[in-house]
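Here the structure comes first, spelled out in structure tokens, and everything after it is commentary.
None of the figures in this text is laboratory data; all of them are computed from the coordinates on show. All values reported here derive from a predicted model rather than from experimental measurement. Cβ sites come from the backbone with ideal geometry, for glycine too, and all protein chains shown count toward neighbours.
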Amino acid sequence: MKRYILFLLIISAAAAMLPAESVMSGLFEAADQVSSDIPGILHRDGDLLLGGLTFNQTQVQLGDLLADLTANRLAGRSGFSPQIVKNYTMLQYPPAQASWVLSGTLYEAGAGYLLLLQLTDTASGSQLKGWEFALGDEGIESLLQPSVLAAGAGVWDRFEPNNLSTEAAVIELPFNESGLTLGDGDEDWFAFEVLESDGESVLMLNAATGGMMDTYLELYAPDDQGWAIAENDDFDGGNAALQIPLNAPGMWYLKVRSFSSEEEGEYSLMVSLSEVVLGPGEPDEGQDLASPLNIGSTPLEKRIDYSDDRDWFRVDLLRPLGMEEVLRVETLSNLDLVMEMTDEYDNYIMDDDDSGNDNNPMIIASGLETGSYYITVYGYGGEIGPYEIMANVSVPVKDEFEDDNSMISASQIGTMGERQRRNFTPMGDEDWVQFEVQNEGRFLIKTEGELDTYMELYDGNGDLIEENDDGDDYNAMIERYLTPGKYYLKVYPYGSAGPDDIYELSVEQI
């Protein structure tokens, strides 16, 4: 004799009052139809779990009532003899232990509600049957209160318990599942097997969550489930995403949790693998695998292969830089890239985003000793694509007004609107300029160029009287009434600037 274990969801006294006939009519129809169809679908021994019904991502008492109605009808079916277990909690019997799960979702639809039910095979995750029923809205409000079961036992999906790496739900890829749930303090672990690659390509993991929850995604290697090798929080709103090559065969692990341990709700998870041929020089993640970047050589062709890709380069200085020499490392591309520089002990030196040509990153470092230095390049906002990178040692060409790096050494500028072409060389340079006002009046002081400049105006006593950042786009501009006397200007870049970044400075009485 076939035997099935049927678990009932218990209804609280607050929900004991029957709702309006229109609601009950729909529930009776649903229970009749489902209990009529199920015996013809389940043809082997196993446990049938009547799971919860969610509304706005919360299990509600309407599902408890529907479970009882369905259980009563199944118990009266000839040839179908379920064993009804009373007063159970899901902590005693998680959904993953059942052979089949009947669950559903309730949606608002115009003046009423739409009830969607599905019968799922737990082992394969496939849906065996689905039903749709229309429910009226009169009197339904009391049944939309949180389920007593959900409040007492937490939120579960068909993969529970999978709160530990040792309980990870093994999934087959590609995997795309909605209706997954996280309860208070809950974590969901999933495991998937990766086979050896063919040597010419690598397997790229693509994993992403979806839904309204703020989720956090972590990836663990086959040999260590105690330390995440990659993680992501907010790739797209509150959803998380990972894209990373898997460099070893074996069982890999993904952990999904809510950003706040107290947040509960539903989410979806998509996991897939794709074969990718990586760009030149890969793998190059970390100092040990860094690609040599020879000083003075032709540009090295590289590629950002995926959103989390970071390309490492090693620059070897065989002698200390001279007093005016700089190491200049820059990229050429149509991408929005970021560059960082560290020494061989992983000490941070500097970083840059868009100081080079066409908003490419460029690092200009001075005062470096003999040794190895490391450059990392990655896409801003997950950009991918080809680029070139090169390194040179040079003495930057200063503008003709240097050295004017202090108020004492300030260069001269007239007040007739003449334009002085300037740059900020070497790195950290600031330009000091002085001018004389013979006749009081209004003066326009401004910079022009593609550089983001900052300007400060001082009187003859060295007191700051006005400053400006973005008076005209990124250019600085001060318009002010000045009395006769000596004045000083200090101009410097807002952010970093290279020797190729030119700006013009002018002072004019208007």
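Peptides 311-322, 99-110 ordered by packing proxy, namely the average of other Cβ atoms within 10 Å per residue, highest first: 99-110, 311-322. Taking 0.36 nm per residue of separation and subtracting the current Cα-Cα distance, fully stretching the chain between residue 358 and residue 463 would add 34.0 nm. Segment 310-369 and segment 449-510 have Cα centres spaced 28 Å apart. Shape class of the chain from the alpha-carbon gyration tensor: prolate, with a/c at 1.5 or above and a/b greater than b/c. Annotation: peptides 291-299, 186-194, 348-356, ranked by per-residue average of other Cβ atoms within 10 Å with the highest first, follow the order 186-194, 348-356, 291-299.
Looking at the chain, the DSSP beta bridges with both ends there are about 85 percent antiparallel. Residue by residue, segment 371-382 carries 3J(HN,Hα) couplings of x, 9, 10, 10, 10, 10, 10, 8, x, 6, x, x Hz when phi is fed to the Karplus relation 6.51 cos²θ - 1.76 cosθ + 1.60 (θ = phi - 60°); x denotes Gly or Pro. Net charge near residue 380, counting Lys/Arg +1 and Asp/Glu -1 over other residues with Cβ under 10 Å of its Cβ? That sum, taken over residues with Cβ under 10 Å, equals -4. Cβ crowding within 10 Å ranks 204, 362 as 204, 362, fewest other Cβ atoms first. Against the longest principal axis of the chain, how steep is helix 61-75, in degrees 0 to 90 to the nearest 10, with axes from Cα atoms? That helix lies at roughly 30 degrees to the long axis. Taking all Cα pairs closer than 8 Å and separated by 6 or more residues, the relative contact order of segment 411-509 comes to 45 percent. Computed from Cα positions, the angle between helix 21-37 and the longest principal axis of the chain comes to roughly 80 degrees.
What number comes out for the charge environment of residue 462, summing +1 per Lys or Arg and -1 per Asp or Glu over other residues with Cβ under 13 Å away? Charge balance in the 13 Å sphere: -1.
Please go through segment 408-510 and write out the trypsin sites (Lys or Arg not before Pro) that DSSP classes as loop and that have at most 16 other C-beta atoms within 10 Å. Passing both the DSSP loop test and the Cβ count: 419. Across the chain, Cα pairs under 8 Å and at least six residues apart give a relative contact order of 9 percent. When the charge dipole of the chain is built from unit charges on Cβ atoms (+1 for Lys and Arg, -1 for Asp and Glu) and taken about the Cα centre, the candidate among 33, 164, 106 whose Cα reaches farthest toward its positive end is 33.
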